[in-house]
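Student: The structure follows.
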Amino acid sequence: MKMQQHGLTLGLARVGDVSFISIKAVGRLSHDDYLAITPMLEAALERVEGQGVRVLLDARELEGWELRAAWDDLKLGLRHGHEFGKIALYGQPGWLGLAARVGGWFISGEVRAFEEEGAAIDWLTQ
C-alpha cells in the first residue's frame, strides 16, 4: 500500500540581496499540517527583513485542502496579510490564477501565479 504524502515544507532562501520564504505544498493539506507549520512560519516572518515579506510557494504537488485546513489558511492570511509584500505561486496553471486573485483580497502586497519557478523567482526578486 502506497502512503499518501502531504504537508508543507518551509525554508528561507536568498537570491542576491533579496531574502524570501520558500514554501512547498504537497498532497491534500490537513489541519494538522497547519498546526505544525504555523509556528515555523511566524518565526520565519520575524526573521525576514525589508518592505514586505516575499514568499515563493511551490504548488506543483498540491492537491488541495481539507475544509478545516482551508479555514486555517484563511485565518493565517487574515492575521499576517499586512506583512506580505510579494507572493509568487507556481506549479499548476488554472486554479493558481484563481488562488492568486482570491489571495490578493487578504494580502496587502501583490500575489501572482506563474507556470515556471524561474519566472516566479525573477518577479519576486525585482
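Student: Out of everything in the stretch 83-95 that is under 20 Å from residue 65 (Cα atoms) and open to solvent by less than 30 Å² (accessible area, probe 1.4 Å), what residue ends up being modelled with the lowest pLDDT? Spell out the reasoning first.
Tutor: We begin by selecting, within the stretch 83-95, every residue under 20 Å from residue 65 (Cα atoms); these are 87-95.
So of that shortlist, the ones also open to solvent by less than 30 Å² (accessible area, probe 1.4 Å) come out as 87-91.
On the way: 87: 88, 88: 91, 89: 89, 90: 90, 91: 85.
Out of the qualifying residues, it is 91.
Student: Which of the residues belonging to the stretch 56-85 are part of a strand (DSSP E or B), of a type outside the set (Gly, Ala, Ser), within 20 Å of residue 109 (Cβ to Cβ) and free of Cβ contacts under 8 Å to residues at least 60 places away in the same chain? Give the steps one after another, and end with the answer.
Tutor: First pass over the stretch 56-85, keeping only residues part of a strand (DSSP E or B): 56-65, 84-85.
Applying the additional criterion that residues be of a type outside the set (Gly, Ala, Ser) yields 56-58, 60-63, 65, 84.
Checking which are within 20 Å of residue 109 (Cβ to Cβ) leaves us with 56-58, 84.
57, 58, 84, listed by residue number.
Student: Would you confirm whether or not the stretch 105-114 contains a residue that is open to solvent by 30 Å² or more (accessible area, probe 1.4 Å), at pLDDT 80 or above and more than 26 Å from residue 126 (Cα to Cα)?
Tutor: Within the stretch 105-114 (the criterion being open to solvent by 30 Å² or more (accessible area, probe 1.4 Å), at pLDDT 80 or above and more than 26 Å from residue 126 (Cα to Cα)), the answer is no, since none of the residues qualifies.
Student: On the basis of being open to solvent by 60 Å² or more (accessible area, probe 1.4 Å), assigned to a strand (DSSP E or B) and modelled with pLDDT under 90, does residue 49 make the cut?
Tutor: Here the answer is no, as residue 49 does not meet what is asked.
Student: Still on this structure: Which members of the stretch 55-82 meet the condition of being in contact with a Phe, Trp or Tyr (Cβ under 8 Å, 6 or more places away or on another chain) and either closer than 16 Å to residue 115 by Cα or open to solvent by less than 40 Å² (accessible area, probe 1.4 Å) (or both)?
Tutor: Across the stretch 55-82, the qualifying residues are 55, 56, 57, 58, 59, 60, 69, 72, 76, 77, 81.
Student: Does residue 98 fit the bill of being at pLDDT below 80, open to solvent by less than 80 Å² (accessible area, probe 1.4 Å), outside any strand (DSSP E or B) and among the hydrophobic types (A, V, I, L, M, F, W, C)?
Tutor: no
The values are calculated or read from the model by the stated rules, or taken from the named source; none is laboratory data. Here the structure is a predicted model, which means the values were calculated and not measured. No Cβ is skipped: glycine too gets one built from the backbone with ideal geometry, and neighbour counts run over all protein chains shown. For accessibility, only protein heavy atoms count, side chains too; no ligands or nucleic acids. Shrake-Rupley method; radii C 1.70, N 1.55, O 1.52, S 1.80 Å.
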